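Input: a single structure, listed below in structure tokens.
Read the figures in this text as sums done on the coordinates, not as results from a lab. Every value quoted in this text rests on a predicted model; they were computed, and no experiment measured them. Note: ideal-geometry Cβ built from the backbone for every residue, glycine included; neighbour counts use all protein chains shown.
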Amino acid sequence: MVVFATGFLAAARVLVPAAGTAAWISVLIGGALGLGIAALAGYLAQRFPDQSLVRMAERIYGAVPGKLIGLTFSVYCTVVLGLGSRESVLAMWIAFLQTTPPVLISAVFYLLIIYAAYLGIEAIARVSLIFFPLVVASLLALTALAAPVAVPGRLLPIVGNGLGPVVRAGFLAASYAGESIVVLAIVRHLKDKRGASRAMATGVAAGMVIMALATGFGVMMLGVRGISRVTFPVLETARMVGFGQFLERAEILFLALWFSAALLKLAAVFYASITSVADVLGLRDYRPLIIPYALLGAALSLIPKTVLETFDYLDVFVRYSVWYTIALPVVLLAGAVIRGLRGGGDDVSDRGAG
Amino acid sequence: MKLLRRLARGGMRRPRMMLGRPLLPLEEVADEIGTTAPGDADSKPPGNAGAAPPGSPIPDTLDGVERRLRDLLGDGSPDVIMRRLVIWTEPEIEGVLFYIEGLASRDVVNLVALRSVMLAERVPALDASALGRDNIASVLMTHVVPSGQIAVLPCIDKVVEHVLTGEAALFIEGARECVVFEAKGWEHRGIEEPHTEKVVRGPREGFSELLRANTALVRRRLRTPDLRMDSMKVGRRSKTDLVIAYVEGLTNPRLVAAVRERVDHIDTDILPDSGFVEEFIEDYPYSPFPQMQYTERPDRFCAGLSEGLVGLIVDGSPMALLAPGNLASFFQSPEDYYERFPYGGPLRALRYVAGVIALTFPALYVAISLFHQEMLPTRLALAIAGSHMPVPFPVLVEAILMEVALELIREASVRLPDPVGQTMGFVGALLLGDAAVSAGLVSPIMVIVVAVTGLASFTIPHYPTGLAVRLLRFPLLLLSAWLGLFGLMAGVMAIALHLGALTSFGVPYLEPLMKPRPSLRDVVWRSPVFTFNKRPEYAEPLDQVRQKKFIRTWAPGVAEMARKESGEGGGGDGEDGEDRGKSGDGAR
């Protein structure tokens, strides 16, 4: 769930130029990699079921290095937040509200994120669970409706730009899947810790399959060149779809649903981020951090000046963040295994979420 | 004097063995009448009465008694009856019968008190010389006054309290104690069809204002001895009786304790209706959404108790409360279960759809017609534009005008008497809509939108939930007029997040929707009753198994399935997959 929310909106934009017609295969490769990351993270979560990420790191590497690792994590989350929110806001702005200043959309977006973070992870989780089937259904509906318009021939040649680029693009796609490490920060709120890794894997798999579908159909409908030209390929795909004589351009409905998904994902990321910072600072309540941190995220999301610049940033981010998402669980796990540590009863108060 | 006080502090006296004959085991009855529920703050059980002095003792003379009663109740109330009589003893002893006319039944007073005490069917009069001032009341209680609920009380304040609930008291010259017996018999509304929760098929009995009648309705449907009805008194002046109902061994004791604690904390003057209790004890009083279920239907109340919920019945209110509530329960009508399941499921699903329509439809219309005209097929867009042409207002104003008018009609027809109210609804809706269109104030399409929304909001079975939805429609309208569908979605997300954070007695408001399989079975859909082998989990009942997994084993094929199942896993109630990953999925 965490994974694909923003991913599929622009993923094709990044992947298709790199992998050509085989972008959807890249996504699947990325999904496999993501599953690996999720497995690592899930194992880590099982080992330290009652601890937040920062507490884990502190236990494994001692207070100061642990805090540093925690800080890198929250930096990562902040970047995800900033880029993700910019991307979603842009999608809204470009597609529908050209006359509205994007800052206003951004403000509404951040107000909602602040509200969600204030309510806590439980609320976010419950709402996600309700919206998840809706989003999946919307995508399936889109796929079904797009089928008549799609031209499977555009997927040829299967290997696209060649094996190398496809695999390399797979790593880019894995960056989206890698965002599932955010779950590490909130895993101690789960009632059923053992289900965590499975749930993570399911989320990654479902997300990546959907992303592959979206990318594949995007290519089938718009062609490689077409995709490289538009900003939000999936949106364009949706635009080409009509419900018979009833609703002509239903993309706004889809976008509204996806917007909710993006919001929930980013709210979760935001929550993970501020709770980690709160842990690093040793605060008991994360709530005082919400407003300043939201401002930070909002400011960060405004750094790219133009739409194109946003995508450049995204390109760069996608290229490098995947290594971080692999490194973080690996480093923690390695430390834990070498020192033979396991999560015992920590004093962390469980807020009894679920 | 010291002795007297100690006696008084000792609380109610138990009947003694007198006249050498074994007595009936009246202790329990006496207990019931002399004390209220454990935990009730202002009446301690007699066992530990030493802690708090129970009030002033009964004066020695009857004149003193009458004077004291006049002090307590005032002089002028004509319904306060103090009737002097002579008790059938040898030598004669005087007494005062004290009751409130209208609360106490005339028949009971005549038959129980006057006839038996004055005429005393026992032919030889009671030998008063053997009776002292300590035991005469007990003897009267055990031997003379023929009443099921009866007690002797040593303290005049308590006596007055009991009499004000409809009992009658018999003071005896010189006695330390007073006989108080059940005589309730006031006028009240009979058991009628519930007005707010109508069903086509199903029982038509509804709760009334009388607490005892209501508890009896519940007892009749739940005959298990485990049904508990803990009584409490709330309201400093009203002293309203309140019953906390639950099933021992099924309802989670933590839930019962939480309800009791919150009710205990209520400190108010009067309690006119269960709505007051609701507001005092709910988790989030500032949320627009109701967090407790209320019902007029004893069948629904009992169904709730059998699922591990805690019920609250307040004297004087026909609306019983069930806790914890959740969003799903407000979309269920008992009829979903009384009618066969092929209709129950779609109807319930329809109600959820109606809920969404009621919340978002006008906002959606405003957003589309202001911001996203491209979504509509050209001809429809032209039709909308054409119908809006003569209207002098922006779409938002138009929508708000019509919505407000609809709310006016609704409110007016609720307050008016039934036949007038219905006419009013028709006239209001038809005439107003038609006239508004022909006057060019609103477009016909807007009338349709508002009418559909209104209809949809009335399909929500739980009235306050419908109100909440109607209330939230207005901010959504404003948001979508401001930012189009984005604004609408933002508003919906805010509401969804609020719902996600809401709890009722600690139970998340959306909990029943969280797990796909049970929620498909009996939350958004309704499966056949023979598949409800587990109780809903949100109230965390102690016993989750409601019925066997395979019941229709006489039907072809089912017996084999049952055999296979028991061969594999043993125990027919394991619903595999249901418990898995409860929150594993939950937190993502």
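Of note:
- Mean partner shielding of peptide A:86-94, defined as the number of other chain Cβ atoms within 10 Å of each residue Cβ, is 1.
- With both labels modelled 7 Å from their Cα along Cα-to-Cβ, the A:Val64 to B:Val356 distance reads 5.6 nm.
- Anisotropy class of the range B:343-504 from Cα gyration tensor, a/c 1.5 cut: oblate
- Between B:Glu279 and B:Ala213, the contour length at 0.36 nm per residue exceeds the Cα-Cα span by 21.3 nm.
- Inter-centroid distance (Cα atoms) of the range B:284-360 relative to the range B:432-461, Å: 28
- With 27 Å as the limit, the listed pairs A:Lys265/B:Lys534; A:Lys265/B:Lys515; B:Lys184/B:Lys239; B:Lys198/B:Lys548; A:Lys265/A:Lys305 have A:Lys265/B:Lys534; B:Lys198/B:Lys548 beyond it between alpha carbons.
- Estimated FRET transfer efficiency (A:Leu296, B:Arg546; beta-carbon r; R0 60 Å; 0.05): 0.70
- Amide proton proximity set for B:Ser504, modelled H, under 5 Å, gap of 5+: B:Tyr509
- Virtual spin-label span in nm between B:Glu94 and B:Glu187, 7 Å along Cα→Cβ: 3.5
- Average other protein chain Cβ within 10 Å of Cβ, residues B:499-506: 4
- Efficiency of FRET from Cβ geometry, B:Arg262 and B:Arg236, R₀ 22 Å, rounded to 0.05: 0.80
- Amide H contacts for B:Gly206 (H built 1.01 Å from N in the peptide plane; partners 5 or more residues away or on another chain; cut-off under 5 Å): B:Glu192.
- Centroid-to-centroid separation of the range B:89-117 and the range B:493-525 [C-alpha atoms, Å]: 57
- The Cα atoms of the range B:514-568 define a convex hull whose projected area, averaged across directions, is 4.7 nm².
- Protection-proxy order for peptides B:230-237, A:126-133, each taking the mean of Cβ atoms within 10 Å per residue, highest first: A:126-133, B:230-237
- Rg/Rg_ref, the range B:483-527, where Rg_ref = 2.2 N^0.38 Å and atoms are Cα: 1.46
- FRET efficiency, 1/(1 + (r/R0)^6) with R0 22 Å, evaluated for B:Arg517 and B:Arg340 via beta carbons: 0.50
- Computed over chain B: relative contact order in percent, which uses C-alpha pairs under 8 Å that are six or more apart: 11
- Percent RCO, i.e. relative contact order, over the range B:211-325, from Cα pairs under 8 Å lying at least 6 residues apart: 31
- Relative to its Kirkwood radius, the Cα radius of gyration of chain B gives an Rg/Rh of 1.09.
- Spin-label pair A:Asp312-B:Ser566: with each label point 7 Å from Cα along the Cα-Cβ axis, the two points sit 7.4 nm from one another.
- Peptide-level mean, for A:264-273, of C-beta atoms on other protein chains within 10 Å: 1
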